[in-house]
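Since every read-out is calculated from the coordinates, none of them should be taken as a lab result. Predicted, not measured: the structure shown is a model, and the values here were computed from it. Counting neighbours? That spans all protein chains shown, and the Cβs are built from the backbone with ideal geometry, glycine included.
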Amino acid sequence: MGIADAVTKKYLQDNEVFSDVFNYRLFNGKPVIRPENLSEMDPSEILVLSGKKQNGKRKRLPAKSLYRDLMKDTVIRRDQNAVYRLRLGTELQTHVHYAMPVRNQLYDAIEYYNQMEETALRHRAERSERNGAGGNAGAFLSGFRKEDRLIPVFTLTIHFGPEPWDGPLSLHDMMEVRDPEVMKYIPDYQVQLIEPAGLSRTELEKFRSSFREVMGCIKYSEDEKALEEFMKDNPRMNMDIRAARVIGAMTGTEIEYGEEKEGKINMCKAIEDMMRHSKEKGLAEGQKEERATRLDSFARQVKVGKMRAEDVAEGFGIPVEQVNAAVAKIDGSL
C-alpha cells in the first residue's frame, strides 16, 4: 500500500468523516448518520471460485480473498416509527480504476450472499435446538425464508485525485453492446462517486467535517487564485493533521506539521505551504520549458553543422546522446 492509499484510509476511518461523506451522498448533507452509531466491520470478503473446464476436465481454483477499504454498520432512526440498518462500504481511489463497476458490484453481491448464509445458519441452529441433533434434515437445511430480509449495502467510491474521473460509472458503460433493445434486459450497476473535480462550491458547503477542506484544496490545488478564494470563504482555521496529510500526499505538498503527530494544524500555514509549492512547481516547469527551447535552438545549429553535439552536451551538462536525440527530432526543413 502506497503512502497516499495509507493516509486516505486512516483519514476515512474517523467516524465523523465517514458519516459526513455518506450523509452528503444519501441525505444531501443532513446529519442522519451519527458517528456514534457506526461500528467497524471486517472489510474482507471471500470469493469462492468453483473452477473452469479445461480439456473437458474441471480445474479447481482456490478461494480468493477480496478486501474493501472500509466497511461499517450503522443504525438509522428517521423518526419514531422508522429505524433501520445499513452497511456502508468505501473504495478509496488515488487513481482512476477502469473496472470499478464490476469491482463494487462483486463486493456488494458477496456481502448479500454472506447475509443470506448467516440467516440460513441461524435458522438451522434454531431448528436444531428445538428438534435435537436428530431433527429432520430437510427442516435443518431450510435456508432463507420468505419473510427474511437483507440489510441494504451501499458502496461509495471516493476519488482523491485532482484529475476528473474518466472511467466508467456503470456496468453498461463497460459493455460492447449498445443495442437498446438488448441492453434494457441486462441489469445495470451504478458506481456512486465523490471526487474533487465534480464538486461545486455549493456542494462543498454541504460537508460538515474537514472533508470539505480536503476536497476543496485538492480541487483548487493547481489554481492559486481559486484556492485563495476558497480559503477566504472558509471560516475554519484549524485542520485535522490526518486531513492535512491527505492534502499533502495528493497535491505533492510538503506541509510542515511540527512535532505533533496527531491533533490540529493551522490551516493558513498548510495553505501557504501549498501555494509556495504551486509557485515553485510553476517556476520549475517554466525553467524546464525555457531550457528545452534553448536546447532545441542549439540542436538546430548542430543539424546544419555550425556546432558540435559534444560542445552542446558539455554546455548543458547532459549526455551527448540527449543532444543527438534532440537533433533527430528536427525535421529537414530548417
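Counting only the backbone N, which residues of region 81-116 are under 16 Å from the spot 7 Å out from the Cα of Ser170 toward its beta-carbon? 100-102, 105, by backbone N distance to the label point. Taking amide H as placed 1.01 Å from N in the peptide plane, the amide H of Gln192 sits under 5 Å from that of Thr157, each at least 5 places away or on another chain. The string of couplings for region 290-295 from the Karplus curve (6.51, -1.76, 1.60, θ = phi - 60°) is 5, 5, 5, 5, 5, 5 Hz, one whole number per residue in order, with x for Gly and Pro.
Would you kindly state how much longer the chain becomes between Phe144 and Lys288 on full extension, computed as 0.36 nm times their sequence separation minus their alpha carbon distance, in nm to one decimal?
Working: separation 144, 0.36 × 144 = 51.84 nm, distance 6.56 nm.
Contour length minus the Cα-Cα distance gives 45.3 nm.
Between Met307 and Ala226, the modelled labels are 3.9 nm apart [label points 7 Å from Cα along Cα→Cβ].
Distances between placed amide hydrogens fall under 5 Å for Gln93 paired with Ile158, His159, Phe160, all partners being 5 or more residues away or on another chain. Mind listing the phi-derived Karplus ³J(HN,Hα) values for region 309-320, rounded to whole Hz, using 6.51, -1.76 and 1.60 with θ = phi - 60°, and x for any glycine or proline? Residue by residue, region 309-320 yields 4, 5, 5, 5, 4, 5, x, 8, x, 10, x, 5 Hz.
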